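Down below is the structure, laid out as structure tokens.
The values are calculated or read from the model by the stated rules, or taken from the named source; none is laboratory data. Source: prediction; values computed, not measured. No Cβ is skipped: glycine too gets one built from the backbone with ideal geometry, and neighbour counts run over all protein chains shown. Just so you know, the surface numbers come from the protein's heavy atoms only, side chains and all, with ligands and any DNA or RNA stripped out. Shrake-Rupley method; radii C 1.70, N 1.55, O 1.52, S 1.80 Å.
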Amino acid sequence: MNKSTIFIGIDISKDTFDIYDPIQGHQQFTNNEKGFKNFLKTLGNNYWCVMEATGCYHQQLALFLFNKAIRVTVMNPLVIKRFIQMKLNQIKTDKSDAKMICQYGQEQKMDLWQPSPKYVEDCKQLQTITQLYFKQSTAIKNKLHTLHTRGFNKGKMISSLKRQLKSIQKEIKLLETEMEQLIKSNQQELYTKLNTIPGIGKKTAILLIVTTNGFKDFQSSKQISSYLGLAPNERSSGSSIRGKTRINKTGNPIVRNHLFLCSFTASIHNPQCKALYERIVAKGKSKKLALIAVCNKLIKQAYGISKSGLPYDKNYVSKLA
């Protein structure tokens, strides 16, 4: 990295974004096209912008800067939070956060951000809407159950809820079909090979491809496990502290839940996963811990397939981790 590189810390909210420039100090711009252009005027070729991934608010600015050939890094908010805590900074404002993000960029090695392919972004939006419909579907099912237990089995109220439920389920199916078509159009080979893994179903294969950008955004299966919140989190110190090992549960809960459901099938029909499950249970560990280990094994197999280009082979031992 060039020593003349100037890092800019950016803290983004819905309507505005605050920036800290070590040379020009603090400035604030509107989080829209006009604000982006005004901000661009302050930047030179040696600038590197660092920002947090704040829901959907950072995406347009990051894309704008990327298209203008400005170096950009988008950080996990938890990483920045831990960095601020480590620095014992007690002040929490947009202005102070921008300065701390700038400091993080100056002290740590940065990776350049690149936008995800359009099909990945489209699938993410389809998944978001699908999950909204699933919640509505569950709410209606619960209401129907409550009404049935109170003796309401007929009438306009019940008919209305059933029509609504049927309509939502139809929309879910349409969106899931659209997601599958997008994946087949862009990642047909990988999608087909992931489905050869015993335990991995179509929905889980789609989610893994979308979440990892076809496994291009990660350098190891361990990184994916950590990102999805399936990495073991052990607490022990000396001879007195022996905390229970748990997963950290960060990352996408939808993918994590799908993998956990897949682990039940994989622990029976996937030879490597079955052997792993039985070995852990034989040691007296809990079945849940064994299933989580199976989830990580499935991730390792999926990652290995994506890098090797080979379909699942029950006798194949991947050296990729």
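Below, the figures for the structure above:
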| quantity | calculated |
| --- | --- |
| Crossing angle, helix 271-282 versus the chain [Cα axis fit, 0-90 degrees, rounded to tens] | 90 degrees |
| E180-N89 FRET efficiency (beta carbon distance; Förster radius 41 Å; 0.05 resolution) | 0.35 |
| Ranked order, I158, I129 - accessible area, probe 1.4 Å, largest first | I129, I158 |
| Added length on full extension, which subtracts the Cα-Cα distance from 0.36 nm per residue, T196 to T138 | 17.8 nm |
| Length released on extending from T146 to R163, taking residue separation times 0.36 nm less the Cα-Cα span | 4.4 nm |
| DSSP bridge orientation in the chain - percent antiparallel, rounded to nearest 5 | 60 percent |
| Pair-distance profile P(r), taking every C-alpha pair of the range 1-127, with 5 angstrom steps and integer % | 2, 10, 22, 25, 20, 12, 6, 2, 0 |
| The chain, accessible surface, carbon-and-sulfur percent (1.4 angstrom probe) | 52 percent |
| MRE, 222 nm, helices only [DSSP H, n ≥ 4, -39500 (n - 2.57), over the chain, to nearest 500] | -19000 deg cm²/dmol |
| For the chain, the fraction of alpha-carbon pairs in successive 10 Å shells from zero, as % | 5, 20, 24, 24, 19, 7, 1, 0 |
| Where N is the number of residues in the range 1-49, Cα Rg divided by 2.2 N^0.38 Å | 1.14 |
| Folded to 0 to 90 degrees: helix 118-149 orientation relative to the chain principal axis, Cα | 50 degrees |
| Solvent-accessible area per residue for the chain (1.4 angstrom probe, square angstrom) | 59 Å² |
| FRET efficiency for K170 and T128, using Cβ-Cβ distance with R0 set to 25 Å, rounded to 0.05 | 0.85 |
| At R0 = 41 Å, FRET efficiency that the Cβ-Cβ distance of N76 and K154 yields, to 0.05 | 0.20 |
| Cα-only Debye scattering, the range 260-321: base-10 log of I(q)/I(0) at q = 0.21, 0.27 Å⁻¹ | -0.78, -1.13 |
